[in-house]
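Chemist: Handing you this structure, nothing more for now.
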Amino acid sequence: MPGKPAPIKKSPAKKAAEKAPEPVPVEVPPAEAPPAEAPSAEAAPAEAAAPAEGAPAEAAPAAAAEGSPPADETPAEEGGDTAAPAEVPTSAPLEVSVEDVNDSSLTIKWKTPETIGDSGLDGYTIEYCKDGTTDWVTAQEELTPANRFCIKNLTAGDLLRVRVVAVNPGGRSEPGTLAEPVPIREIVDRPKIRMPRNLRAQIVKQVGDQINLVIPFLGKPKPVVSWLKDGQPLDMKRVNIRNSDKDSIMFIRTAQREDSGVYEMSVKVDSFEDKATLTLQIVELPGPPTSVKLVDTWGFNAALEWTAPKDNGNTEITGYTVQKADRKTGEWFTVLDHYHRLTATVSDLIMGNSYSFRVFSENQVGISESCAITKDVATIQKTGIVYKPPEYPEHDFSEAPKFTTQLSDRAATVGYTTKLLCSVRGSPKPKIEWLKNQMIIGDDPKFRQISNQGICSLEIRKPCSFDGGVYTCRAKNTQGEATVSCKLEVKQIIIPDERGK
(Lines give C-alpha, C1' and ligand atoms only; values in the text may rest on other atoms or scores of the structure.)
Protein backbone atom coordinates (compact mmCIF):
# COMPACT_ATOMS: atom_id res chain seq x y z
CA MET A 1 0.00 0.00 0.00
CA PRO A 2 2.88 2.53 -0.06
CA GLY A 3 1.85 3.52 -3.62
CA LYS A 4 -1.45 4.91 -2.36
CA PRO A 5 -0.20 8.39 -1.23
CA ALA A 6 1.36 9.05 -4.69
CA PRO A 7 -1.79 10.66 -6.10
CA ILE A 8 -1.90 12.89 -3.05
CA LYS A 9 1.51 14.33 -3.87
CA LYS A 10 0.68 14.91 -7.51
CA SER A 11 -2.67 16.52 -6.80
CA PRO A 12 -3.24 19.75 -4.81
CA ALA A 13 -4.03 19.66 -1.15
CA LYS A 14 -7.73 19.92 -1.87
CA LYS A 15 -7.57 16.73 -3.96
CA ALA A 16 -5.90 14.98 -1.10
CA ALA A 17 -8.79 16.01 1.13
CA GLU A 18 -11.28 14.52 -1.32
CA LYS A 19 -9.41 11.30 -2.05
CA ALA A 20 -8.47 10.46 1.52
CA PRO A 21 -11.91 9.14 2.60
CA GLU A 22 -12.56 7.30 -0.70
CA PRO A 23 -10.54 4.12 0.02
CA VAL A 24 -12.73 3.43 3.05
CA PRO A 25 -15.95 2.46 1.22
CA VAL A 26 -14.21 0.59 -1.67
CA GLU A 27 -16.05 -2.62 -2.33
CA VAL A 28 -13.45 -5.34 -2.01
CA PRO A 29 -13.96 -9.10 -2.40
CA PRO A 30 -13.87 -11.05 0.87
CA ALA A 31 -10.43 -12.44 0.04
CA GLU A 32 -8.96 -8.94 -0.16
CA ALA A 33 -10.66 -7.64 2.95
CA PRO A 34 -7.56 -7.85 5.23
CA PRO A 35 -5.41 -5.60 3.03
CA ALA A 36 -8.19 -3.03 3.07
CA GLU A 37 -7.42 -2.32 6.71
CA ALA A 38 -4.11 -0.64 5.84
CA PRO A 39 -5.71 2.16 3.81
CA SER A 40 -8.25 2.71 6.53
CA ALA A 41 -5.41 3.05 9.03
CA GLU A 42 -3.82 5.65 6.80
CA ALA A 43 -7.08 7.40 6.22
CA ALA A 44 -7.55 7.99 9.93
CA PRO A 45 -4.42 10.06 10.37
CA ALA A 46 -5.10 11.77 7.07
CA GLU A 47 -8.40 13.08 8.48
CA ALA A 48 -6.85 13.92 11.85
CA ALA A 49 -4.01 15.90 10.31
CA ALA A 50 -4.50 18.98 8.15
CA PRO A 51 -4.84 18.06 4.46
CA ALA A 52 -2.14 20.59 3.54
CA GLU A 53 0.44 18.55 5.48
CA GLY A 54 -0.10 15.42 3.37
CA ALA A 55 3.28 15.76 1.62
CA PRO A 56 5.43 15.97 4.79
CA ALA A 57 3.66 12.89 6.19
CA GLU A 58 6.14 10.52 4.43
CA ALA A 59 9.16 12.54 5.57
CA ALA A 60 8.22 12.20 9.22
CA PRO A 61 9.52 8.58 9.72
CA ALA A 62 12.80 9.42 7.96
CA ALA A 63 13.33 12.43 10.17
CA ALA A 64 12.75 10.29 13.24
CA ALA A 65 15.35 7.74 12.08
CA GLU A 66 18.02 10.33 11.41
CA GLY A 67 17.69 12.00 14.82
CA SER A 68 17.52 15.59 15.89
CA PRO A 69 19.46 17.33 13.10
CA PRO A 70 16.87 16.49 10.44
CA ALA A 71 14.24 17.66 12.86
CA ASP A 72 15.73 21.14 12.53
CA GLU A 73 15.42 20.89 8.78
CA THR A 74 11.72 20.16 8.90
CA PRO A 75 10.80 23.53 10.38
CA ALA A 76 12.93 25.14 7.73
CA GLU A 77 10.82 23.48 5.06
CA GLU A 78 7.67 24.45 6.84
CA GLY A 79 8.98 27.96 7.17
CA GLY A 80 9.49 28.05 3.44
CA ASP A 81 5.94 26.83 2.89
CA THR A 82 4.48 29.36 5.31
CA ALA A 83 6.16 32.38 3.80
CA ALA A 84 2.62 33.31 2.73
CA PRO A 85 -0.18 33.37 5.37
CA ALA A 86 -1.62 29.89 5.96
CA GLU A 87 -5.13 29.33 4.57
CA VAL A 88 -7.99 28.54 6.96
CA PRO A 89 -10.81 26.13 6.05
CA THR A 90 -14.26 27.61 5.46
CA SER A 91 -17.09 27.38 7.95
CA ALA A 92 -19.67 24.63 7.56
CA PRO A 93 -22.34 24.81 4.81
CA LEU A 94 -25.66 26.13 6.11
CA GLU A 95 -29.21 24.80 6.13
CA VAL A 96 -28.68 21.44 4.46
CA SER A 97 -32.14 20.15 3.48
CA VAL A 98 -33.90 17.68 1.19
CA GLU A 99 -35.27 19.04 -2.06
CA ASP A 100 -36.56 15.80 -3.59
CA VAL A 101 -36.44 12.06 -3.01
CA ASN A 102 -37.68 8.96 -4.79
CA ASP A 103 -36.92 5.23 -4.71
CA SER A 104 -33.49 5.60 -6.41
CA SER A 105 -32.18 9.14 -5.87
CA LEU A 106 -31.97 11.93 -3.33
CA THR A 107 -31.58 15.64 -4.10
CA ILE A 108 -30.28 17.96 -1.40
CA LYS A 109 -29.61 21.68 -1.22
CA TRP A 110 -27.72 24.00 1.11
CA LYS A 111 -26.53 27.56 1.57
CA THR A 112 -23.01 28.97 1.19
CA PRO A 113 -20.89 29.06 4.40
CA GLU A 114 -20.67 32.33 6.26
CA THR A 115 -16.85 32.35 6.18
CA ILE A 116 -15.11 31.37 2.91
CA GLY A 117 -11.58 32.80 3.06
CA ASP A 118 -9.45 35.08 0.90
CA SER A 119 -8.73 32.47 -1.80
CA GLY A 120 -12.36 31.66 -2.35
CA LEU A 121 -14.21 28.37 -2.38
CA ASP A 122 -13.07 25.42 -4.53
CA GLY A 123 -16.35 23.52 -4.25
CA TYR A 124 -18.31 21.04 -2.19
CA THR A 125 -18.10 17.31 -1.62
CA ILE A 126 -21.19 15.32 -0.66
CA GLU A 127 -20.94 12.21 1.52
CA TYR A 128 -23.54 9.75 2.75
CA CYS A 129 -23.79 6.59 4.81
CA LYS A 130 -26.45 4.27 6.13
CA ASP A 131 -28.00 5.23 9.44
CA GLY A 132 -26.22 3.48 12.31
CA THR A 133 -22.86 3.19 10.50
CA THR A 134 -19.84 5.41 9.98
CA ASP A 135 -18.92 4.23 6.49
CA TRP A 136 -19.16 7.54 4.69
CA VAL A 137 -19.23 7.30 0.89
CA THR A 138 -18.30 10.21 -1.40
CA ALA A 139 -21.13 10.82 -3.86
CA GLN A 140 -19.07 12.44 -6.65
CA GLU A 141 -15.59 12.27 -8.16
CA GLU A 142 -15.10 16.02 -8.66
CA LEU A 143 -16.00 18.94 -6.42
CA THR A 144 -19.31 20.60 -7.29
CA PRO A 145 -19.55 24.41 -7.29
CA ALA A 146 -23.36 24.40 -7.07
CA ASN A 147 -25.48 24.55 -3.91
CA ARG A 148 -27.57 21.58 -5.02
CA PHE A 149 -26.72 17.95 -5.78
CA CYS A 150 -28.57 14.80 -6.76
CA ILE A 151 -27.26 11.50 -5.35
CA LYS A 152 -28.23 8.74 -7.79
CA ASN A 153 -28.27 4.94 -7.91
CA LEU A 154 -29.50 4.53 -4.35
CA THR A 155 -31.26 1.47 -2.98
CA ALA A 156 -34.93 1.78 -2.11
CA GLY A 157 -35.67 1.26 1.56
CA ASP A 158 -32.28 2.51 2.84
CA LEU A 159 -32.17 5.09 5.60
CA LEU A 160 -29.31 7.48 4.77
CA ARG A 161 -27.51 10.23 6.57
CA VAL A 162 -26.04 12.95 4.34
CA ARG A 163 -23.46 15.65 4.94
CA VAL A 164 -21.88 18.41 2.83
CA VAL A 165 -18.25 19.56 3.21
CA ALA A 166 -16.90 22.82 1.74
CA VAL A 167 -13.29 22.74 0.42
CA ASN A 168 -10.86 25.61 -0.13
CA PRO A 169 -7.02 25.77 -0.28
CA GLY A 170 -7.02 25.58 3.52
CA GLY A 171 -8.72 22.15 3.48
CA ARG A 172 -12.06 20.68 4.42
CA SER A 173 -14.63 22.53 6.48
CA GLU A 174 -16.75 21.17 9.25
CA PRO A 175 -19.61 19.18 7.64
CA GLY A 176 -23.14 20.51 7.31
CA THR A 177 -25.42 17.56 8.06
CA LEU A 178 -29.09 16.78 7.47
CA ALA A 179 -31.03 17.01 10.72
CA GLU A 180 -32.56 13.54 10.33
CA PRO A 181 -31.87 10.41 8.25
CA VAL A 182 -33.75 10.24 4.95
CA PRO A 183 -35.64 7.08 3.88
CA ILE A 184 -35.14 6.32 0.19
CA ARG A 185 -38.66 5.82 -1.11
CA GLU A 186 -41.17 7.39 -3.44
CA ILE A 187 -43.28 10.20 -1.94
CA VAL A 188 -46.70 9.98 -3.56
CA ASP A 189 -48.00 13.38 -2.33
CA ARG A 190 -45.83 15.93 -0.67
CA PRO A 191 -47.31 17.51 2.48
CA LYS A 192 -49.29 20.68 1.82
CA ILE A 193 -51.46 22.66 4.24
CA ARG A 194 -54.57 24.18 2.64
CA MET A 195 -55.27 27.04 5.02
CA PRO A 196 -58.88 28.29 4.65
CA ARG A 197 -59.17 31.90 3.54
CA ASN A 198 -61.06 33.00 6.67
CA LEU A 199 -58.20 31.75 8.87
CA ARG A 200 -55.42 33.60 7.04
CA ALA A 201 -56.26 36.89 8.76
CA GLN A 202 -56.26 37.42 12.50
CA ILE A 203 -59.03 35.45 14.24
CA VAL A 204 -60.82 37.53 16.89
CA LYS A 205 -63.02 35.82 19.46
CA GLN A 206 -64.54 36.94 22.75
CA VAL A 207 -63.76 35.47 26.14
CA GLY A 208 -66.06 32.48 26.72
CA ASP A 209 -66.55 31.67 23.03
CA GLN A 210 -66.06 28.14 21.71
CA ILE A 211 -63.33 27.79 19.10
CA ASN A 212 -63.40 24.98 16.53
CA LEU A 213 -60.95 25.42 13.63
CA VAL A 214 -60.67 22.81 10.86
CA ILE A 215 -57.51 22.97 8.70
CA PRO A 216 -57.29 20.50 5.76
CA PHE A 217 -53.99 19.24 4.36
CA LEU A 218 -52.57 16.89 1.71
CA GLY A 219 -49.85 14.25 2.00
CA LYS A 220 -49.20 10.60 1.28
CA PRO A 221 -48.17 8.49 3.07
CA LYS A 222 -50.03 9.83 6.10
CA PRO A 223 -48.25 12.97 7.35
CA VAL A 224 -47.20 13.59 10.92
CA VAL A 225 -49.04 16.64 12.30
CA SER A 226 -47.66 18.79 15.11
CA TRP A 227 -48.70 22.09 16.71
CA LEU A 228 -46.84 24.90 18.51
CA LYS A 229 -48.06 28.05 20.25
CA ASP A 230 -45.63 30.98 20.24
CA GLY A 231 -42.84 28.47 19.52
CA GLN A 232 -43.72 26.24 22.50
CA PRO A 233 -45.70 22.96 22.76
CA LEU A 234 -49.44 23.33 23.29
CA ASP A 235 -51.05 23.07 26.72
CA MET A 236 -53.23 20.05 26.07
CA LYS A 237 -55.35 20.91 29.12
CA ARG A 238 -56.61 24.00 27.28
CA VAL A 239 -56.35 23.03 23.61
CA ASN A 240 -57.56 19.78 22.10
CA ILE A 241 -56.07 18.65 18.75
CA ARG A 242 -57.70 15.93 16.65
CA ASN A 243 -55.96 14.73 13.49
CA SER A 244 -57.23 12.65 10.59
CA ASP A 245 -55.76 11.68 7.21
CA LYS A 246 -57.10 14.87 5.64
CA ASP A 247 -57.39 17.57 8.30
CA SER A 248 -56.46 18.75 11.76
CA ILE A 249 -58.98 20.24 14.20
CA MET A 250 -58.06 22.68 16.97
CA PHE A 251 -60.79 22.85 19.63
CA ILE A 252 -61.04 25.15 22.67
CA ARG A 253 -64.20 24.71 24.72
CA THR A 254 -64.11 28.08 26.52
CA ALA A 255 -61.71 30.69 25.21
CA GLN A 256 -59.68 32.74 27.68
CA ARG A 257 -57.30 35.69 27.26
CA GLU A 258 -54.25 33.43 27.68
CA ASP A 259 -55.30 31.46 24.58
CA SER A 260 -54.26 34.43 22.41
CA GLY A 261 -51.09 33.91 20.39
CA VAL A 262 -49.55 32.63 17.16
CA TYR A 263 -50.26 28.95 16.49
CA GLU A 264 -48.03 27.05 14.07
CA MET A 265 -49.17 23.84 12.39
CA SER A 266 -46.60 21.54 10.81
CA VAL A 267 -47.31 18.63 8.42
CA LYS A 268 -44.36 16.32 7.76
CA VAL A 269 -43.76 13.32 5.49
CA ASP A 270 -40.24 11.95 5.97
CA SER A 271 -37.92 14.90 5.25
CA PHE A 272 -40.62 17.03 3.55
CA GLU A 273 -42.50 19.51 5.69
CA ASP A 274 -45.06 22.28 5.28
CA LYS A 275 -45.92 24.86 7.91
CA ALA A 276 -48.71 27.38 8.38
CA THR A 277 -49.53 29.87 11.10
CA LEU A 278 -52.74 31.39 12.41
CA THR A 279 -53.13 34.23 14.92
CA LEU A 280 -55.80 33.97 17.60
CA GLN A 281 -56.89 37.04 19.60
CA ILE A 282 -59.28 36.60 22.53
CA VAL A 283 -60.86 39.91 23.56
CA GLU A 284 -63.26 41.15 26.25
CA LEU A 285 -64.72 44.37 27.66
CA PRO A 286 -62.11 46.95 28.72
CA GLY A 287 -61.54 48.24 32.22
CA PRO A 288 -62.56 51.77 33.25
CA PRO A 289 -60.28 54.79 32.82
CA THR A 290 -57.61 54.88 35.52
CA SER A 291 -58.74 58.27 36.83
CA VAL A 292 -60.83 61.31 35.90
CA LYS A 293 -60.67 64.79 37.40
CA LEU A 294 -62.38 68.14 37.09
CA VAL A 295 -59.77 70.57 35.76
CA ASP A 296 -61.69 73.86 35.64
CA THR A 297 -65.15 75.43 35.79
CA TRP A 298 -66.10 78.76 34.18
CA GLY A 299 -69.34 80.29 33.02
CA PHE A 300 -71.61 77.43 32.00
CA ASN A 301 -68.70 75.06 31.17
CA ALA A 302 -66.63 72.38 32.91
CA ALA A 303 -63.28 70.96 31.72
CA LEU A 304 -62.48 67.25 32.34
CA GLU A 305 -59.32 65.17 32.00
CA TRP A 306 -58.83 61.40 32.36
CA THR A 307 -56.25 58.65 31.76
CA ALA A 308 -56.49 55.52 29.61
CA PRO A 309 -57.50 52.20 31.29
CA LYS A 310 -54.88 49.74 32.47
CA ASP A 311 -56.79 46.83 30.89
CA ASN A 312 -57.85 47.43 27.27
CA GLY A 313 -59.56 44.03 26.94
CA ASN A 314 -56.72 42.71 24.72
CA THR A 315 -57.76 45.02 21.89
CA GLU A 316 -57.52 48.69 20.96
CA ILE A 317 -59.55 51.31 22.84
CA THR A 318 -61.95 52.83 20.29
CA GLY A 319 -63.34 55.72 22.38
CA TYR A 320 -64.90 56.99 25.60
CA THR A 321 -68.41 57.84 26.82
CA VAL A 322 -68.79 60.93 29.07
CA GLN A 323 -71.89 61.42 31.24
CA LYS A 324 -73.11 64.17 33.62
CA ALA A 325 -75.51 64.10 36.57
CA ASP A 326 -77.25 67.00 38.31
CA ARG A 327 -76.73 66.66 42.06
CA LYS A 328 -80.40 67.52 42.62
CA THR A 329 -81.83 64.64 40.58
CA GLY A 330 -78.88 62.21 40.42
CA GLU A 331 -79.85 61.09 36.91
CA TRP A 332 -77.03 60.45 34.43
CA PHE A 333 -77.13 61.78 30.87
CA THR A 334 -74.65 61.09 28.06
CA VAL A 335 -73.00 64.26 26.77
CA LEU A 336 -70.21 62.71 24.63
CA ASP A 337 -70.31 59.35 22.83
CA HIS A 338 -67.47 57.55 20.98
CA TYR A 339 -65.13 60.36 22.04
CA HIS A 340 -61.46 59.72 21.17
CA ARG A 341 -59.51 62.27 23.24
CA LEU A 342 -58.49 62.20 26.91
CA THR A 343 -59.76 65.75 27.60
CA ALA A 344 -63.21 67.24 27.08
CA THR A 345 -65.26 70.38 27.78
CA VAL A 346 -68.90 69.96 28.84
CA SER A 347 -71.00 73.02 27.98
CA ASP A 348 -74.58 74.30 28.41
CA LEU A 349 -74.71 73.63 32.16
CA ILE A 350 -77.49 75.28 34.17
CA MET A 351 -76.80 78.23 36.42
CA GLY A 352 -77.03 77.45 40.12
CA ASN A 353 -76.74 73.64 39.67
CA SER A 354 -73.90 71.33 40.71
CA TYR A 355 -72.71 68.45 38.52
CA SER A 356 -70.72 65.21 38.78
CA PHE A 357 -69.15 63.51 35.77
CA ARG A 358 -68.14 59.93 34.89
CA VAL A 359 -66.28 58.32 31.97
CA PHE A 360 -66.55 54.80 30.45
CA SER A 361 -64.03 53.08 28.13
CA GLU A 362 -65.03 51.52 24.81
CA ASN A 363 -63.49 48.85 22.52
CA GLN A 364 -64.81 46.64 19.74
CA VAL A 365 -66.61 44.43 22.29
CA GLY A 366 -68.50 47.26 23.99
CA ILE A 367 -68.48 49.73 26.92
CA SER A 368 -66.68 48.95 30.15
CA GLU A 369 -68.87 47.65 32.96
CA SER A 370 -67.49 50.16 35.49
CA CYS A 371 -66.48 53.80 35.17
CA ALA A 372 -64.32 56.52 36.70
CA ILE A 373 -66.17 59.33 38.57
CA THR A 374 -64.90 62.80 39.42
CA LYS A 375 -64.27 63.47 43.11
CA ASP A 376 -64.92 67.20 42.79
CA VAL A 377 -68.25 68.77 41.94
CA ALA A 378 -68.70 71.47 39.29
CA THR A 379 -70.94 74.27 40.63
CA ILE A 380 -72.28 76.82 38.18
CA GLN A 381 -72.43 80.14 40.07
CA LYS A 382 -75.37 82.52 39.84
CA THR A 383 -74.44 85.91 38.49
CA GLY A 384 -76.55 89.08 38.18
CA ILE A 385 -77.60 89.75 34.62
CA VAL A 386 -78.51 93.33 33.57
CA TYR A 387 -80.01 93.89 30.20
CA LYS A 388 -78.44 96.82 28.46
CA PRO A 389 -80.28 97.80 25.31
CA PRO A 390 -78.18 98.70 22.35
CA GLU A 391 -77.51 102.35 21.79
CA TYR A 392 -78.32 103.82 18.42
CA PRO A 393 -77.24 107.33 17.34
CA GLU A 394 -80.18 109.67 16.87
CA HIS A 395 -80.81 110.75 13.32
CA ASP A 396 -81.44 114.40 12.63
CA PHE A 397 -84.63 114.58 10.61
CA SER A 398 -84.68 118.41 10.53
CA GLU A 399 -85.55 119.74 7.07
CA ALA A 400 -86.47 123.10 5.66
CA PRO A 401 -89.96 123.38 4.10
CA LYS A 402 -90.22 122.22 0.54
CA PHE A 403 -93.32 122.19 -1.63
CA THR A 404 -93.83 118.87 -3.33
CA THR A 405 -96.94 120.02 -5.25
CA GLN A 406 -97.12 123.49 -6.73
CA LEU A 407 -100.17 125.80 -6.99
CA SER A 408 -101.75 125.99 -10.42
CA ASP A 409 -103.31 129.06 -12.05
CA ARG A 410 -107.06 128.89 -11.87
CA ALA A 411 -110.06 130.57 -13.46
CA ALA A 412 -113.21 130.84 -11.38
CA THR A 413 -116.76 132.09 -12.00
CA VAL A 414 -118.37 134.76 -9.93
CA GLY A 415 -120.57 133.25 -7.28
CA TYR A 416 -119.12 129.73 -7.51
CA THR A 417 -116.82 128.55 -4.67
CA THR A 418 -113.30 127.53 -5.75
CA LYS A 419 -110.30 125.88 -3.98
CA LEU A 420 -106.52 126.19 -4.31
CA LEU A 421 -104.36 123.10 -3.42
CA CYS A 422 -100.65 122.40 -2.80
CA SER A 423 -98.48 120.05 -0.63
CA VAL A 424 -95.42 120.70 1.48
CA ARG A 425 -92.99 118.77 3.69
CA GLY A 426 -90.54 119.83 6.38
CA SER A 427 -89.33 119.09 9.90
CA PRO A 428 -90.32 120.37 12.29
CA LYS A 429 -93.86 120.83 10.93
CA PRO A 430 -93.97 124.07 8.97
CA LYS A 431 -96.41 126.92 9.74
CA ILE A 432 -98.65 127.69 6.76
CA GLU A 433 -99.74 131.19 5.75
CA TRP A 434 -101.83 132.34 2.73
CA LEU A 435 -101.33 135.67 1.04
CA LYS A 436 -103.33 137.61 -1.58
CA ASN A 437 -101.34 140.03 -3.61
CA GLN A 438 -98.56 139.82 -0.97
CA MET A 439 -101.00 140.55 1.82
CA ILE A 440 -101.69 138.02 4.57
CA ILE A 441 -105.26 136.87 4.33
CA GLY A 442 -105.55 136.20 8.06
CA ASP A 443 -108.95 135.18 9.51
CA ASP A 444 -111.15 136.59 6.76
CA PRO A 445 -114.35 134.47 6.84
CA LYS A 446 -114.55 134.54 3.07
CA PHE A 447 -111.50 132.26 3.00
CA ARG A 448 -111.18 128.84 4.63
CA GLN A 449 -107.58 127.65 5.27
CA ILE A 450 -106.89 123.91 5.90
CA SER A 451 -103.52 122.18 6.47
CA ASN A 452 -103.53 118.41 7.14
CA GLN A 453 -100.66 115.90 6.71
CA GLY A 454 -98.79 118.33 4.50
CA ILE A 455 -101.81 119.06 2.23
CA CYS A 456 -102.59 122.76 2.14
CA SER A 457 -105.85 124.16 0.73
CA LEU A 458 -107.48 127.60 0.44
CA GLU A 459 -111.20 127.66 -0.18
CA ILE A 460 -112.65 130.92 -1.58
CA ARG A 461 -116.36 131.10 -0.98
CA LYS A 462 -118.53 132.66 -3.74
CA PRO A 463 -115.82 134.83 -5.18
CA CYS A 464 -116.57 138.16 -6.82
CA SER A 465 -114.65 139.89 -9.52
CA PHE A 466 -112.58 141.67 -6.83
CA ASP A 467 -111.29 138.31 -5.49
CA GLY A 468 -109.05 137.69 -8.46
CA GLY A 469 -105.31 138.18 -8.12
CA VAL A 470 -102.06 136.40 -7.13
CA TYR A 471 -102.38 133.95 -4.21
CA THR A 472 -99.28 132.74 -2.34
CA CYS A 473 -98.82 129.88 0.14
CA ARG A 474 -95.88 130.34 2.53
CA ALA A 475 -94.42 127.59 4.77
CA LYS A 476 -92.01 128.44 7.59
CA ASN A 477 -90.11 126.48 10.28
CA THR A 478 -86.82 126.82 12.16
CA GLN A 479 -84.88 125.49 9.21
CA GLY A 480 -86.23 128.03 6.72
CA GLU A 481 -89.24 128.90 4.56
CA ALA A 482 -90.64 128.29 1.11
CA THR A 483 -93.38 129.85 -1.01
CA VAL A 484 -95.46 128.91 -3.99
CA SER A 485 -97.85 131.18 -5.97
CA CYS A 486 -100.61 131.05 -8.59
CA LYS A 487 -102.94 133.47 -10.41
CA LEU A 488 -106.70 133.35 -9.91
CA GLU A 489 -109.01 134.96 -12.46
CA VAL A 490 -112.70 135.47 -11.60
CA LYS A 491 -114.98 135.86 -14.61
CA GLN A 492 -118.42 137.45 -14.82
CA ILE A 493 -121.19 135.51 -16.65
CA ILE A 494 -122.95 137.75 -19.16
CA ILE A 495 -126.61 136.86 -19.93
CA PRO A 496 -127.80 138.28 -23.27
CA ASP A 497 -130.93 140.54 -23.23
CA GLU A 498 -133.73 139.03 -25.26
CA ARG A 499 -135.39 142.39 -25.76
CA GLY A 500 -132.30 143.73 -27.46
CA LYS A 501 -132.58 141.16 -30.19
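Chemist: Please name all residue pairs, on different chains or six or more residues apart, with Cβ atoms under 9 Å, provided the first residue is in region 233-250 and is among the acidic types (Asp, Glu) and the second residue is assigned to a strand (DSSP E or B) and modelled with pLDDT under 90.
Modeler: Here the result reads 245/219; 245/220, each pair linking region 233-250 to a residue that is assigned to a strand (DSSP E or B) and modelled with pLDDT under 90.
Chemist: Would you tally the residues in region 278-318 being closer than 30 Å to residue 252 by Cβ and either surrounded by 14 or more Cβ atoms within 10 Å (Cβ to Cβ) or touching a Pro at 6+ places or on another chain (Cβ under 7 Å) (or both)? Walk me through it before giving the result.
Modeler: Quick first cut of region 278-318, residues closer than 30 Å to residue 252 by Cβ only: 278-288, 308-318.
Remaining after also requiring either surrounded by 14 or more Cβ atoms within 10 Å (Cβ to Cβ) or touching a Pro at 6+ places or on another chain (Cβ under 7 Å) (or both): 278-288, 308-309, 311-315, 317-318.
Number satisfying all stated conditions: 20.
Chemist: Of everything in region 332-364 that's in contact with a Gly (Cβ under 6 Å, 6 or more places away or on another chain) and not acidic (Asp, Glu), which residue is most open to solvent (accessible area, probe 1.4 Å)?
Modeler: Result: 340.
Chemist: Suppose we filter region 117-150 for residues that are outside any strand (DSSP E or B) and open to solvent by 30 Å² or more (accessible area, probe 1.4 Å); how many remain?
Modeler: Of region 117-150, the ones outside any strand (DSSP E or B) are 117-122, 131-136, 139-143, 145-147.
Narrowing further to those that are open to solvent by 30 Å² or more (accessible area, probe 1.4 Å): 117-119, 121-122, 131-136, 139, 141-143, 145-147.
Of the residues in region 117-150, 18 are outside any strand (DSSP E or B) and open to solvent by 30 Å² or more (accessible area, probe 1.4 Å).
Chemist: Suppose we filter region 151-177 for residues that are out of contact with any strand residue (DSSP E or B) (no Cβ under 9 Å at 6 or more places or on another chain), open to solvent by 30 Å² or more (accessible area, probe 1.4 Å) and either among the β-branched types (Val, Ile, Thr) or assigned to a strand (DSSP E or B) (or both); how many remain?
Modeler: 1
Chemist: Sticking with this one: Taking only pairs six or more apart or across chains, which ones have beta-carbon atoms under 6 Å, a first residue in region 157-170 that is over 10 Å from residue 123 (Cα atoms) and touching a residue at least 60 places away in the same chain (Cβ under 8 Å), and a second residue that is in a strand (DSSP E or B) and open to solvent by 30 Å² or more (accessible area, probe 1.4 Å)?
Modeler: 162/128; 163/177
Chemist: Ok, one more. Any idea which residue in region 193-239 is farthest from the chain's Cα centre (by Cα), counting only those that are surrounded by 16 or more Cβ atoms within 10 Å (Cβ to Cβ) and among the β-branched types (Val, Ile, Thr)?
Modeler: Looking at the filtered set, the residue picked out is 225.
Chemist: Inside region 179-203, can you point out the residues that are small (Gly, Ala, Ser) and more than 29 Å from residue 93 (Cα to Cα)?
Modeler: Scanning region 179-203 gives a single hit, 201.
Chemist: Kindly indicate which of 192, 205 is modelled with pLDDT of 85 or more, within 30 Å of residue 283 (Cα to Cα), among the charged types (D, E, K, R) and not in a loop (DSSP other than H, G, I, E, B). If you could, list the steps in order and put the result at the bottom.
Modeler: On the way: 192 fails: within 30 Å of residue 283 (Cα to Cα).
Sole residue among the options that is modelled with pLDDT of 85 or more, within 30 Å of residue 283 (Cα to Cα), among the charged types (D, E, K, R) and not in a loop (DSSP other than H, G, I, E, B): 205.
Chemist: What do you reckon, is residue 180 part of a loop (DSSP other than H, G, I, E, B), touching a strand residue (DSSP E or B) at 6+ places or on another chain (Cβ under 9 Å) and surrounded by fewer than 16 Cβ atoms within 10 Å (Cβ to Cβ)?
Modeler: In short, yes.
Chemist: Can you pull out every residue in region 459-487 that is farther than 30 Å from residue 427 by Cα and in contact with a Gly (Cβ under 9 Å, 6 or more places away or on another chain)?
Modeler: If the condition is that a residue be farther than 30 Å from residue 427 by Cα and in contact with a Gly (Cβ under 9 Å, 6 or more places away or on another chain), then 462, 463, 464 are the ones that fit.
Chemist: Step by step: first the residues of region 290-320, then only those that are over 24 Å from the mean Cα position of the chain (by Cα) and not hydrophobic (A, V, I, L, M, F, W, C), then the one that is farthest from residue 383 (Cα to Cα). Which residue is that?
Modeler: The initial filter retains those residues of region 290-320 that are over 24 Å from the mean Cα position of the chain (by Cα), namely 290-306.
Among the residues that remain, those that are also not hydrophobic (A, V, I, L, M, F, W, C) are: 290-291, 293, 296-297, 299, 301, 305.
Values: 290: 35, 291: 32, 293: 25, 296: 18, 297: 14, 299: 9, 301: 14, 305: 26 Å.
Out of the qualifying residues, it is 290.
Chemist: Okay, next question. Kindly provide the set of residues from region 183-192 that are buried (at least 16 other Cβ atoms within 10 Å of the Cβ) and touching a Lys or Arg at 6+ places or on another chain (Cβ under 8 Å), ordered by number.
Modeler: Across region 183-192, the qualifying residues are 187, 191.
Chemist: Identify, please: which residue in region 413-444 is in contact (Cβ under 8 Å) with a residue 12 or more places away in the chain, outside any strand (DSSP E or B) and not β-branched (Val, Ile, Thr) and is, among those, farthest from residue 463 (Cα to Cα)?
Modeler: Looking at residues that are in contact (Cβ under 8 Å) with a residue 12 or more places away in the chain, outside any strand (DSSP E or B) and not β-branched (Val, Ile, Thr), I get 428.
Chemist: For region 400-412, check the following and say yes or no: at least one residue is farther than 30 Å from residue 436 by Cα and in a loop (DSSP other than H, G, I, E, B).
Modeler: No, that holds for no residue.
Chemist: Residue by residue through region 426-439, note down the ones that are over 18 Å from residue 490 (Cβ atoms) and touching a strand residue (DSSP E or B) at 6+ places or on another chain (Cβ under 6 Å).
Modeler: Selection gives 426, 427, 428, 430, 431, 432, 433.
Chemist: In addition: Name the residue, out of 326, 274, that is within 30 Å of residue 198 (Cβ to Cβ), of a type in the set (Asp, Glu), out of contact with any helix residue (DSSP H, G or I) (no Cβ under 9 Å at 6 or more places or on another chain) and surrounded by 14 or more Cβ atoms within 10 Å (Cβ to Cβ).
Modeler: So the residue among 326, 274 that is within 30 Å of residue 198 (Cβ to Cβ), of a type in the set (Asp, Glu), out of contact with any helix residue (DSSP H, G or I) (no Cβ under 9 Å at 6 or more places or on another chain) and surrounded by 14 or more Cβ atoms within 10 Å (Cβ to Cβ) is 274.
The values are calculated or read from the model by the stated rules, or taken from the named source; none is laboratory data. Computed from a predicted structure; not experimentally measured. We place every Cβ from the backbone using ideal geometry, glycine too, and count neighbours over all the protein chains shown. Areas reflect the complete protein model, heavy atoms only, side chains present, ligands, DNA and RNA absent. Shrake-Rupley method; radii C 1.70, N 1.55, O 1.52, S 1.80 Å.
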